[in-house]
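Below: one structure, written as structure tokens.
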Amino acid sequence: PINTGWHLATNTPAGISEIGENLTTAAMQLGKIRFWLNLPSPHQDDPFPYKLGLKNTTTGEIIESGAVKGGEFYLSVLIKDKNDLTWNGNKRWVYVFSLDIEGKIGLLFPTGSNVENLLPYDAQVQNEIIELGNRRFEIWPPFGNDTYFLLTSDEEIRYPQDVFNTEPFPQTKGGEGNLTPLERFFKDINLSIRGTSPPAPAPKEWSIQRINILSVGQ
């Protein structure tokens, strides 16, 4: 966000305690946003030959930059890199999420279970455009500079709603000992926003891509 809202403080012990908690929560959320905006992709021996785009469900136009208008509907899509001749055909778990001008992070794909997002399907390998699911999303306020992310991985993230939404990764689901290396990486990031400890090393076979889209009113 360009700026944050003001927090009202009252000059009482309870009021000072409350404002401290509110500012700490806001700082942690800003830290999480900064993490997503600056997280680099690791070097990959087998790069995924697709990039992220948005498809206007009315006009069919595919965009990777520029502006969208309030009231329009879109699907997230994968766009195949025609120049990539090195891909060995390995599928990836695919996740798409967005970050709006107010700092809200929301998962766009997959919308339900992870069954639909191990891609590409065999029938899609030759497709230049792969639509991600069939649940379109509407462009609506707050308007401004939004960031869309494509994250792919050799490992499944079993609780993507908990990783790619504003709320932090839960500490109880699946149990501490059952976390995959990538899940543990994101969990440690959420727990270490205060700067108390560095996150665990992330696996190498994953990637992240960002596109910036300006949303405007009609």
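The values are calculated or read from the model by the stated rules, or taken from the named source; none is laboratory data. Predicted model, so just to flag it, every value in this text is computed and none were measured. As a convention, Cβ positions derive from the backbone with ideal geometry for all residues, glycine included, and neighbour counts pool all protein chains shown. The protein model used for the area step is the full one, side chains on, heavy atoms only, and it has no ligands, DNA or RNA in it. Shrake-Rupley method; radii C 1.70, N 1.55, O 1.52, S 1.80 Å.
Summary of values
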| read-out | value |
| --- | --- |
| One residue from E102, E116, E128 being at pLDDT below 95 and either touching a helix residue (DSSP H, G or I) at 6+ places or on another chain (Cβ under 9 Å) or over 30 Å from V216 (Cα atoms) (or both) | E116 |
| Within region 17-64, tally of residues that are assigned to a helix (DSSP H, G or I) and among the acidic types (D, E) | 2 |
| Cβ-Cβ under 9 Å pairs, at least 6 apart or on other chains, region 116-140 side closer than 24 Å to G89 by Cα and without any contact (Cβ under 8 Å) to a residue 12 or more places away in the chain, far side open to solvent by 60 Å² or more (accessible area, probe 1.4 Å) and outside any strand (DSSP E or B) | Y121/K91 |
